[in-house]
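A quick write-up on the structure given underneath.
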Amino acid sequence: MFISVLDLFKVGVGPSSSHTMGPMVAANDFMQHVRNFVESNSSIDTYHIRCTLKDSLAYTGVGHATDRAVTLGLNGYLPHTIIKENMDEVIERTWNSKSIDINNTQKAAFFSEDDIIFDTRNSMKQNPNGLVFELLDKSDKMLISHTYFSIGGGFISTLAEIDNIEAPIAAESSAPYPYPFNNSEQMLEMSKKNNKTIWEMKLANELENIPEEILINKLDEIWSAMKSCVENGLATEGILPGGLNTKRRAKKLHESLQNDLENTSTNDWLCAYAMAVNEENAAGHMVVTAPTNGASGVVPATLYYYYKHKSATPEQIHQFLLSASAIGGLIKLNSSISGAEVGCQGEVGSASSMAAAGLCAIRGGTSAQIENAAEMALEHHIGMTCDPVKGLVQVPCIERNGFGAVKAYTASSLSLRESGEHLISLDQCIAAMKRTGIDMSHKYKETSLGGLAVSFIEC
């Protein structure tokens, strides 16, 4: 299966790719079905829209701003368009409205506080992030209904698609591509056979769909957004929204490091950069899915460190992103990047694995060393739960991204000092992560029903 670098790295808004970006995209898509229905049924003059959030979306939807995302999506916004708006102003206007424009002449009744239902009782077997949208008439008779699943990283699937897709996304077959690897074993074999690096093979695959100049411009846009996320977070203080009264720490941490350069370490800088990004994410600001919002600090922090402290060139930045996306695609194809499906091992664990691979690549690692770095970084996240306090992407998520970046750097450094030979392959590690996620209780998969989420006592 082919998963593009431009699909794994998407510019959007926080705090969650699966609970914010995905539902916004789903709501936006549902409105197209509404418009099509209304155009074909001119005799009906009164409409009402309702949305039901299921399972993980219902448990942590308020903390993850799922309700706001649904409202924004129904009103025509998408993750990449809302970042151009005054977010607070748009949310206040849409949230307090009692209706939604269907077209230039017709509206549908919709009031966010009444028409978004949090259903924690009736589970859906296909995926823990389900949304059901309904268009009703004036007597609340259902006219159309569409079910979506937000499957991680801002990707969505319909009910019709979910049982027939892999990855678990609808991705293209990799067969038509010059280097069609579906696992790390194939990737290493192709690299050796063709004397190509991982990033060179990934680039060749991408160029089947997009001209190189456009691809490079897109990669530059992704990096520019990541860089902005780091620097915006390092420049901002205050209290994060949501009621935990979580203080932003990245700015003061960064200032402390700048004032004590002799006693700083790589780990210090990585934590400052990662926390800066995830504080921006927690605030609902612009971030890049890498591969998710909850783990959006790991890859940017690792790359920003090499850019800032090791003078990474534009070419190295492109190579980093291509190498990281090759590994991220394998993880998404053969397991999951969704915290609601497999816990935080699928989010920060995947991000750390991707960052380790990208960093190892631009530090001169062989394909075997890159695969080894990716495996080590993922291996040491196996079993990590997703248990956000109060359902907010703050504790332990912000710090956890810093530790994920540290593990990525450590894995990269260790792999570069060895031959690349190791006992557990990346494929075996990905399979172990998937099995662990299946065995993990739903309490530890983004429902805030276990772990740290229930250990915290509000005074």
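The values are calculated or read from the model by the stated rules, or taken from the named source; none is laboratory data. Keep in mind that what you see is a predicted model, and the values were worked out from it rather than measured. Glycine also receives a Cβ, built like all others from the backbone with ideal geometry; neighbour counts cover every protein chain displayed.
General observations
- Cβ pairs under 7 Å, 6+ apart, first in region 425-445 and hydroxyl-bearing (Ser, Thr, Tyr), second exposed (fewer than 15 other Cβ atoms within 10 Å of the Cβ): Ser425/Glu185
- Per-region count, region 377-409, residues surrounded by fewer than 24 Cβ atoms within 10 Å (Cβ to Cβ) and free of Cβ contacts under 8 Å to residues at least 40 places away in the same chain: 1
- The set of residues from region 387-434 being of a type in the set (A, V, I, L, M, F, W, C) and in a loop (DSSP other than H, G, I, E, B) comprises Leu392, Val393, Val395, Leu423, Ile424.
- Filter pass, Leu53 being hydrophobic (A, V, I, L, M, F, W, C), touching an Asp or Glu at 6+ places or on another chain (Cβ under 7 Å) and more than 21 Å from Gly329 (Cα to Cα): yes
- The helices (runs of 4 or more DSSP H) found entirely in region 271-383 that carry 3 or more residues being more than 18 Å from Glu418 (Cβ to Cβ) are 298-310, 314-334, 339-342, 348-362.
- Cross-chain or 6+ apart pairs with Cβ under 6 Å, region 136-150 first and assigned by TED's automatic domain parsing to the domain that holds Ala58 and touching a residue at least 60 places away in the same chain (Cβ under 8 Å), then aliphatic (A, V, I, L, M) and in a strand (DSSP E or B): Leu136/Met142; Asp137/Leu143; Leu143/Leu135; Ile144/Leu135; Tyr148/Leu131; Tyr148/Ile156; Ser150/Ile156
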